[in-house]
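For reference, the structure discussed in these notes is given below.
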Amino acid sequence: DTAVSQTPKYLVTQMGNDKSIKCEQNLGHDTMYWYKQDSKKFLKIMFSYNNKELIINETVPNRFSPKSPDKAHLNLHINSLELGDSAVYFCASSQQGAREQYFGPGTRLTVT
Amino acid sequence: GENVEQHPSTLSVQEGDSAVIKCTYSDSASNYFPWYKQELGKRPQLIIDIRSNVGEKKDQRIAVTLNKTAKHFSLHITETQPEDSAVYFCAANFGNEKLTFGTGTRLTIIP
């Protein structure tokens, strides 16, 4: 049973396109996150939702728009993709804010 | 600011030896310090964590120590094995909602 799942696992697209990544957790957690991991392996938080409400919005370009239809799902839509958006995007969830976080398998986005 | 520094960035140790990774944090109010292990091509996975009300925690071959006064904490892996090779991240909470991660340590165990 997968606790935190993401789709797709790989995404290759051209500059200027719009794409979405989906995340689902079946742990009953209240909080979900999006992280970006670049080629140097740095893990940077992008967004956090608690019970469908946005609570963290780091300095991310507004081309990135998260959406949480319910507390088990958190999607990430990216408009006008740029080369610098190439990275691995991880979804994560936790029961209570900044405590044990469980990560999804990641989505490797390559922008050409 | 919200800062977690991690050292070293790379570490190679002979199989069977110990490995130590150190982190410092900036916010004296931080009270939760997890460590994550990320194998190549995989997701980060929590391996051990410590809260500010304790100074040390052990789980088999891994242990974490915390010095709140100095605002630093360390991961210790004893009797290292090839499967310990991975990137390790420390993290600290800033407020109730956010973890900030260190920059990672690539640990290589030499057989």
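The values are calculated or read from the model by the stated rules, or taken from the named source; none is laboratory data. What you see is a predicted model; the values in this text were computed from it and never measured. As a convention, Cβ positions derive from the backbone with ideal geometry for all residues, glycine included, and neighbour counts pool all protein chains shown. Ligands, DNA and RNA are stripped out before the accessible areas are found, and what is left, the full protein with its side chains, is counted by its heavy atoms. Shrake-Rupley method; radii C 1.70, N 1.55, O 1.52, S 1.80 Å.
When the residues of region A:20-52 are filtered to those that are open to solvent by 20 Å² or more (accessible area, probe 1.4 Å) and of a type in the set (Ser, Thr, Tyr), the one that is nearest to B:Thr105 (Cα to Cα) is A:Ser39. Scanning region B:20-41 for residues that are in a strand (DSSP E or B) and of a type outside the set (Val, Ile, Thr) yields B:Lys22, B:Cys23, B:Tyr25, B:Tyr32, B:Phe33, B:Pro34, B:Trp35, B:Tyr36, B:Lys37, B:Gln38. I'm checking my understanding of the structure. Among residues of region B:31-70 that are polar (S, T, N, Q) and open to solvent by 80 Å² or more (accessible area, probe 1.4 Å), which one is nearest to B:Cys90 (Cα to Cα)? For region B:31-70, the residue satisfying everything is B:Gln45.
In region B:90-109 there is at least one residue matching the filter, namely being away from chain A (no Cβ under 12 Å), surrounded by 13 or more Cβ atoms within 10 Å (Cβ to Cβ) and either touching a Pro at 6+ places or on another chain (Cβ under 9 Å) or modelled with pLDDT under 95 (or both).
Those strands (runs of 3 or more DSSP E) of chain A in which 2 or more residues are over 20 Å from B:Phe94 (Cα atoms) and out of contact with any helix residue (DSSP H, G or I) (no Cβ under 8 Å at 6 or more places or on another chain) occupy A:4-7, A:10-13, A:19-25, A:64-70, A:73-78, A:87-94, A:107-111. Does region B:17-29 contain at least one residue that is open to solvent by 60 Å² or more (accessible area, probe 1.4 Å), in contact with a strand residue (DSSP E or B) (Cβ under 9 Å, 6 or more places away or on another chain) and within 11 Å of chain A (Cβ to nearest Cβ)? Checked against the condition, which is being open to solvent by 60 Å² or more (accessible area, probe 1.4 Å), in contact with a strand residue (DSSP E or B) (Cβ under 9 Å, 6 or more places away or on another chain) and within 11 Å of chain A (Cβ to nearest Cβ), region B:17-29 yields no hits at all.
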